[in-house]
1. Which of the aspartates and glutamates could a cross-linker span from K126 if the Cα-Cα distance has to be under 12 Å and same-chain partners fewer than 8 positions apart are dropped?
2. Helix-only estimate, please: 222 nm mean residue ellipticity of the chain, summing -39500 (n - 2.57) across DSSP H runs of length 4 or more and dividing by its residues, to the nearest 500.
3. Which residues in the stretch 30-51 place their backbone N less than 16 Å from a point set 7 Å from the Cα of S63 along the Cα-to-Cβ direction?
4. Please order F113, F142, F132, F41 by the number of other Cβ within 10 Å, starting at the fewest.
5. Straight-line reach from K26: which aspartates and glutamates have Cα under 12 Å away, leaving out those fewer than 8 places along the same chain?
6. Based only on Cα atoms, what Rg/Rh ratio does the stretch 23-99 have, Rh being taken as Kirkwood's radius?
7. Along the charge dipole of the chain, pointing to its positive end and built from +1/-1 on Cβ of Lys, Arg, Asp and Glu, which listed residue (V92, Y140, C103) has its Cα farthest out?
8. How many nm is it between the label spots at Q108 and E50, if each spot is 7 Å from the Cα in line with the beta carbon?
Amino acid sequence: MLLVSLTLKNNFMSVSDLIKNKLYDKAKTVMEKAYAPYSKFKVGAAIFDENGKYHVGCNIENSAYPIGNCAEASAISAMIASNGNKIIAISVTGYGNLLCTPCGGCRQRIREFASLNVPIIVGNEKEIKKIFTLEELLPYSFGPENLV
Ligand code: THU
C-alpha cells in the first residue's frame with residue numbers, strides 16, 4: 001500500500017510524509033483559485049484516493065449565498081468524476097491562524113468516502129497546522145454502513 005512508510009533511496013522522508021506534504025501543497029495552490037467574492041475567504045482541498053490519484057477543489061460562492069460550494073465538495077466531485085471513490089487522505093487549507101477545519105456538512109461528505117482513521121491535514125497559507133482523524137472531527141458518526 002502506498003501509504004506504508006518506505007525509506008527511499010537517498011531520502012529518509014516516508015511516502016506518507018511525501019503524500020502529506022504534496023496534499024497540503026495542492027490544497028494551498030488550488031485555494032488561490034477559489035471564487036469567494038462574498039466571504040472573501042478562500043478555501044482549498046486536496047484528496048489522495050485509492051488509485052493513488054490526487055484531486056483538488058476550491059470553494060465557489062454564488063450571489064444567491066446558500067448555494068455556494070465548499071472546497072471539500074468540489075474536490076470530492078473531482079474524485080468521483082475520475083473514478084475514485086475512497087479518500088485515503090485529505091488536506092484543507094484556509095488563510096489565517098484559526099484552524100480551517102471542514103464545516104459540519106463537509107465532515108459528513110468526507111465520511112461517505114473515508115474510513116474513520118483517514119487523516120485530515122489542516123493548514124493555512126504558510127504551513128500545516130494540525131492533523132486530525134475523521135473520527136476526531138466526526139465522532140459517533142452515521143455512514144453508509146448504517147443503512148445496510
Ligand atoms: N468553506 C469551505 O469551502 N469549506 C469548509 O469546510 C468551510 C467553509 C467556504 C464556504 C464559503 O465559501 C467560505 O468558506 C466562508 O464560509
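Computed from the coordinates by the stated procedures, all read-outs in this text should not be read as laboratory data. Everything numeric here is computed off the predicted structure, so don't read it as measured data. Don't worry about glycine lacking a Cβ; one is built from the backbone with ideal geometry, like all the others, and counts go over all protein chains shown.
1. Within reach: D25.
2. Rounded to the nearest 500, the figure is -8500 deg cm²/dmol.
3. Within reach of a label on S63, which here means backbone N under 16 Å from a point 7 Å along Cα→Cβ, the stretch 30-51 contributes 36-39.
4. Arranged by neighbour count, lowest to highest, F113, F142, F132, F41 become F142, F41, F132, F113.
5. Cross-link targets: E125.
6. Working: Rg = 12.3 Å, Rh = 12.3 Å.
With Rh from the inverse mean 1/r over Cα pairs, Rg/Rh is 0.99.
7. V92
8. According to this spin-label approximation, the distance is 2.3 nm.
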